[in-house]
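A quick write-up on the structure given underneath.
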Amino acid sequence: MKNSLLKSQTLRHWLAGLALLLVALVLVVSFFPWDLLRGPINRYVSEQLGRRFEITQHLSVQLGRTTTVTAQGVEIANPEWAHDPYLLKATAAEFDISLLPLIIGKVVLPRIKLTEPRIGLQIEPDGRRTWALSRDTSDQGAIPEMGSVVVDQGELSYLARAHGADLDVRFSLAPEAGNDLPLGYKVTGQWKKEAFTATGRAGGVLEFSKNTQAPFPLEVDAVAGRTSLKAKGSISNLADLAGIDATFDLQGQNLDDLYNLLGVVLPSTLPYKLRGKLDKKDKLWAVSQIQGLLGKSDISGALTFDQSATMPLLSGKVQSRVLDFADLGAVIGMAPSGTSAPKAKAVAAANGSRTAQASSGTKASPVGAAPGKVLPRTPLDVNRLHAMNADVTYSAADIRHVKELPLDKGSVHVKLNAGVLQLEPISLGIAGGSVAGTIHIDSTLSPAAINTRLDVRALQLNQLFPTVESTKTGLGKISGRFDLKGRGNSVAQMLGSASGDVAVLMGKGEISNILLEFMGLDGGEVIKFLLRGDRTVPLRCAAAAFDVKQGLMTSRAIVLDTTDTVIAGQGQISLTNETLDILLKPQPKDMSILSLRSPLRIGGTFANMSAGPEKSALAGRAGIALVLAAINPLLALAATIETGPGENADCAEILSQAANPKAAAGKK
């Protein structure tokens, strides 16, 4: 019993002594003159970092599992290769540091509070960065792990030459009561080598911890080059820019500019305004509720941009209720339809097109085409097709303002995989019929290879040429096929090197008779129609088919057969030189006076076509009329009397030959 009591008293003495020792240690730590260690700490940290570290005024430490360090006057120099002399220079700094990770050389800072900081961040193309706290600044493991950061006012510079970034940020904290966005900021400089400015407000506590999911409120109003963005929302993970939930307004001169700014490949457009909702989780960007205008065309839909794979993927569905046809020109480098030459030149300059205009006093070429040419020669940047993959569907319910071609609706499924672009299927509503098919562009070859196959079905003749008055009374359905393969990095190059087959066919119908008589220079019939009005004549068949080789289209069959006239033709069209030479030979099936029928030659260039009678044949008939007129003026009429030698064409054979290039080749 006595021994037990002695042991109990001894234990109490030990515990009391231990408690006194702990109290003494706490008192020593609490009142320890930490400033005495500033010199040794400055030298030790500087040696470890390979650059100067200094606490210039006062140091205090509160030891614990997570130790709090308060320093007055903090300077951390940048490496010698950096542009800014300081990584951090602050009037004061207070931070928590976890001690256990220091054993393995990992710096964990759960909380940082900076007073009037000046921060200099720089990253080099080889991976070196100023914020890596090690002699080896390319060591990813030397980057400190941060939690929350609070700053009052100061400035930050960020330089990343590989990304074309050189930014200066000024910020200040105004913690008024009820203010959810106390931190104001202003950014100036360059982003992706474009002039960049931004202003806005943000939450007062920046959370960089990946484990923190608290939303960080943010507002931004930014301009980069020709693109401006206004956004308002929150970010739950600042470290990875993840957990974004925001609404935005985006506008600019050309959607194509977003490739340089964001790495997203989009088509060239006229000026645009878009708004929508942005969500980002991990590496998946989702843009929904898109509403806006591209040129004069409305657009809506949703898109996602997935960066989780080696090759990013853009996918989604967008549509237009009304598409202005003029807005399509920018996609292939052409000026909007009806654009004046000065305005077209301005549009081209805004879109970065390399264009040439004809000299003063002459007809201007379409923007994107060479002087006197029609086909766009603006190089298509096919290298961008390697920047990402895509799976996007676009549709237009109503296509308007089409003068030359009566499009009414259309849709296309855009697939891009490993540099191969597939527009499959393409579906267009034209003149009451349809054009459907595929276009493949393989940018892995140099120059790029294009394969186009389009099938034409049941186009209504009276709707097909809205600007040609004489076709509006016609009836009939036109079908055809365009099957071409070529190489090139512009529309002109691709067509100029194309080989394949082109065919347009028409069965029974009706067409304007005055059109036929004008083509045959039948003066008597023209006078009669001008007095009585035009009428239609039955069409038995029509065909125009060409074999195409290296940009040269050679006629396989050109025939138009009506109950009034048979017109047969032959000739060539050069897609390389943009010239044509077609000879049409009318053979009337009726008799008429005042006729000087002769072959009709269509020639010139795509930009300046000409049509007229074959001069040699017309001169022969005119010469006979003059000789007879010298004998007796009434005899001159004999040379203009047409006895109508034309016979019905074999329509079945003609259409078969025109539609089947292989069968036609076998008959040659």
### Task
Report the FRET efficiency, 1/(1 + (r/R0)^6), for Ala160 and Leu100, where r is their Cβ-Cβ distance and R0 is 56 Å, rounded to 0.05.
0.95
### Residues in the stretch 50-68 reached by a label modelled at Thr115 [backbone nitrogen below 16 Å; 7 Å Cα→Cβ]
55-61
### Query
In nm, to one decimal, how far is the Ala397 label point from the Phe248 one, both placed 7 Å along Cα→Cβ?
2.6
### Query
Taking the Cα-to-Cβ direction at Ser172 and at Asn383 and moving 7 Å from each Cα, how far apart do the two end points lie in nm?
4.5
## Note on the structure
Here, Lys277 and Lys409, labelled 7 Å along Cα→Cβ, have an inter-label distance in nm of 2.8
### Task
Would you work out which of Thr197, Tyr158, Phe171 lies farthest towards the positive end of the dipole of the stretch 130-205, given +1 charges on the beta-carbon of Lys and Arg and -1 on that of Asp and Glu, about the Cα centre?
Thr197
### Message
From the phi angles alone, apply the Karplus equation (6.51, -1.76, 1.60; θ = phi - 60°) to the stretch 434-446 and give each ³J(HN,Hα) in whole Hz, x where the residue is Gly or Pro.
### Response
8, 10, 9, x, 9, 9, 10, 10, 9, 7, 6, 9, 10
### Query
Within the stretch 281-299, whose backbone N sits under 16 Å from a point 7 Å along Cα→Cβ of Ser308?
281-287
### Query
What list of ³J(HN,Hα) couplings, whole Hz, do you get for the stretch 374-379 from phi and the Karplus terms 6.51, -1.76, 1.60, once you set θ to phi - 60° and write x for glycine and proline?
10, 5, x, 10, 5, x
### Task
Among the listed pairs Lys89/Lys283; Lys186/Lys273; Lys280/Lys415; Lys230/Lys317, give every one whose C-alpha distance is greater than 30 Å.
Lys89/Lys283
### Query
If r is the Cβ-Cβ distance from Lys549 to Leu262 and R0 is 56 Å, what FRET efficiency results, to the nearest 0.05?
0.85
### DSSP-loop trypsin sites (Lys or Arg not before Pro) across the stretch 44-85, with at most 11 other Cβ within 10 angstrom
Arg65
### Net length gained if the chain between Asn660 and Ala436 were fully extended (0.36 nm per residue, minus Cα distance)
78.7 nm
### Task
With only Lys, Arg, Asp and Glu charged, each at its Cβ (+1 for the first two, -1 for the last two), find how big the charge dipole of the stretch 25-104 is about the Cα centre; round to the nearest 20 debye.
140
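Each value in this text was obtained by applying a stated rule to the coordinates, not by laboratory testing. Quick caveat, the model's predicted, so the values are computed rather than measured. Here Cβ is always computed from backbone atoms with ideal geometry, including for glycine, and neighbour counts include all displayed protein chains.
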